[in-house]
Structures are given as structure tokens and as C-alpha cells.
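Inspection log for the structure reproduced underneath, given as C-alpha cells.
The values are calculated or read from the model by the stated rules, or taken from the named source; none is laboratory data. Computed from a predicted model, the values in this text were never measured in an experiment. In this analysis, Cβ positions are derived from the backbone assuming ideal geometry, glycine residues included, and neighbour counts consider all displayed protein chains.
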Amino acid sequence: MPGAEPCEIRAGDGYRLGATLFRPATGNGRALQINAAAGVKQEYYGKFAAYLAGRGFSVLTFDYRGIGRSGSFRLKNARMRDWAELDAAAALDFLAQTNKRLMAIGHSFGGQSFALIPGAERLAAALAVGSQSGYWRHWRGAPRAGMWLLTHALLPGISRLFGYFPAAAFGQGENLPAGVAIEWASWCRNPDYLVGALGAKEQYARFSAPLRLYWMADDLYAPLGAAQALLRLYPRAPSELKRVAPRELGAERIFGLFREQFRDTLWRDAADWLERH
């Protein structure tokens, strides 16, 4: 992809992460990292990152440990919190070496965990996409039963049995290291999700960057109540929930903001918002 430079960044514990830097031809003074969803490789965000670089942003994508170019899903002793506290932190430090105005885009888990990143106070703005509190009771009806089964039985049980969670077999992205899946399941059983499970209330209370959350009306993984609950976990951040419905975009389904068909709608809207901060 033009302007995309594969690189490697190193986390605070020495772990090496595969990353890609998208440099703008003419910069706008802003640099941002894209913090992925669980089990999603950085290539998924490549076209969106290139678009943002075309708008003047320096953009860094990267794979969390145990995903894509950052090692095997059979990685031992990995925890989901490491993806924020170590890996996303390494991305932020990398960008801070050559940039002053720093921003972040988080997809699902990536938007849930902004406040877990050491140095998150350096962020001038944060944009979340399809992010939510994962507490299972935020779902209703049959989906609630499915979330209970996933978080109380399937995620921890299968991960302990196989030594990893075979998400790919369920059509749910890349396989997850066992420790990541087990910790994630424990968060989903806590009413305050990761904030309650990790005792991170003070960290989230300190996060004060402007925060926009794109909520897709057809997103089965993020019901409205779960999205609203996530914003309540960031009590000091000036936050905005932007609802997006398929009919508003002339589409039958959205399937997420990162598809190129939304280049002139959602992509432009996101870039415009980031440019204002």
C-alpha cells in the first residue's frame, strides 16, 4: 500500500510488535494510532489508515501480542490488559518520539481500554468505533443467553482445554491466546466490566480527552445500552455517542465503519472530527 512502511515497535516488557506507519505527504500536525478490536489484524484497518494519511495524519497500525505479525496465538501468559498497558502504550510512545499532538482510534476493545494506556493523558482526542461495555446483562433476549454462555462457559472452558480460544473456527476473527480470552470472560461477568474487574475506576476517572463513540444501529455485538454504559465508565471525558443507521447511508447493513464504501461518509466525518481537536 503506498505510503505504508512496515516497522517494529517494542513494548515495555521487551515484546516485539509488528506495526505499519502511514506517513502523509503533507502533515496536519496530528498523529494517531489505531487500537484494534480483539482478534482483528492490523491489515483490516489499512485502507482507512491510508485515507487518514491522505488527510494529513501520521497513522500507526499494529498487532497486539499473539495476533497477526506479533506472534502466535499459543503465546503463554498473555493477558488482555497487556494489549492496552503494554502494546497500545508502546504505539503511543513510538508516535510521541516525533509528534506532539497525539490521538487514538479504538475499535471495540480498542475503544474500551483508552484509559488503561499509561500516558493516556497525552491524547488530545479519542474516537471509538463499535465499542461497548461487555457485561453480559447489557444484552436482551436470546443474545443475553448467548453472552452468558460465551462468558461463563465457552471462553474460559475452551481456552483452558486447548490452550487458546479458536475464534477463527467460529468465524470471529483470529484465534486468541488463552490468557487473553480467560481474562476477557472475567471482565464480562463484572457489572462494571474491565473497570470493575481491574479496579481501574480512578484511571478512567482521570481520562479527560474528548471522546466520540460511533454506535452502529445494526451492530449485534454492541447494543445501545452497552454502548451507553461504556461512556459512563469515562465520567470526566467530554463524550458524544453518534448513532449511525444503515438507511442514513443508503446501505442495507453497515458491518462497521472501516469498509471503504463509507469513504465519503463515515470516514470523512471521523477525519473532520479529529481535525477539530
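Scan the range 35-72 residue by residue and report those that are among the hydrophobic types (A, V, I, L, M, F, W, C) and under 24 Å from Y193 (Cα atoms).
Answer for the range 35-72, where residues must be among the hydrophobic types (A, V, I, L, M, F, W, C) and under 24 Å from Y193 (Cα atoms): A36, A37, A38, V40, I67.
Please identify the pairs in which a residue from the range 252-277 that is at pLDDT below 90 has its Cβ atom under 6 Å from the Cβ atom of a residue that is part of a loop (DSSP other than H, G, I, E, B) and of a type in the set (D, E), counting only partners at least 6 apart or on another chain.
R253/D218; I254/D218
Could you identify the single residue in L266, L241, L220 that is in contact with a helix residue (DSSP H, G or I) (Cβ under 9 Å, 6 or more places away or on another chain) and crowded, with 22+ Cβ neighbours inside 10 Å?
Only one candidate qualifies: L266.
Would you mind telling me which numbered condition in (1) buried (at least 20 other Cβ atoms within 10 Å of the Cβ); (2) farther than 30 Å from D272 by Cα; (3) of a type outside the set (A, V, I, L, M, F, W, C) N190 fails?
Failed condition: (1).
Looking only at the range 63-91, how many residues end up being hydrophobic (A, V, I, L, M, F, W, C), under 10 Å from G18 (Cα atoms) and surrounded by fewer than 22 Cβ atoms within 10 Å (Cβ to Cβ)?
Residues that pass the stated criteria total 0.
Look through the range 152-174, keep the residues that are closer than 14 Å to G39 by Cβ and among the aromatic types (F, W, Y), and return whichever of them is surrounded by the fewest Cβ atoms within 10 Å (Cβ to Cβ).
F170
Output the residue which, of all residues in the range 117-153 that are without any contact (Cβ under 8 Å) to a residue 12 or more places away in the chain and among the hydrophobic types (A, V, I, L, M, F, W, C), is nearest to F73 (Cα to Cα).
A153
Go through Q112, Q97 for me and flag whichever is without any contact (Cβ under 8 Å) to a residue 24 or more places away in the chain and either surrounded by fewer than 24 Cβ atoms within 10 Å (Cβ to Cβ) or under 12 Å from the mean Cα position of the chain (by Cα) (or both).
Answer to the check: Q97.
Does G12 meet the test of being over 22 Å from Q132 (Cβ atoms) and modelled with pLDDT under 95?
no
Given the condition under 18 Å from the mean Cα position of the chain (by Cα) and assigned to a loop (DSSP other than H, G, I, E, B), answer yes or no: does some residue in the range 13-34 qualify?
There is no residue in the range 13-34 that is under 18 Å from the mean Cα position of the chain (by Cα) and assigned to a loop (DSSP other than H, G, I, E, B).
Here are the criteria: (1) surrounded by fewer than 22 Cβ atoms within 10 Å (Cβ to Cβ); (2) over 26 Å from Y204 (Cα atoms); (3) in contact with a strand residue (DSSP E or B) (Cβ under 6 Å, 6 or more places away or on another chain). Tell me which single one R55 does not satisfy.
Only one criterion in (1) surrounded by fewer than 22 Cβ atoms within 10 Å (Cβ to Cβ); (2) over 26 Å from Y204 (Cα atoms); (3) in contact with a strand residue (DSSP E or B) (Cβ under 6 Å, 6 or more places away or on another chain) is unmet by R55, namely (3).
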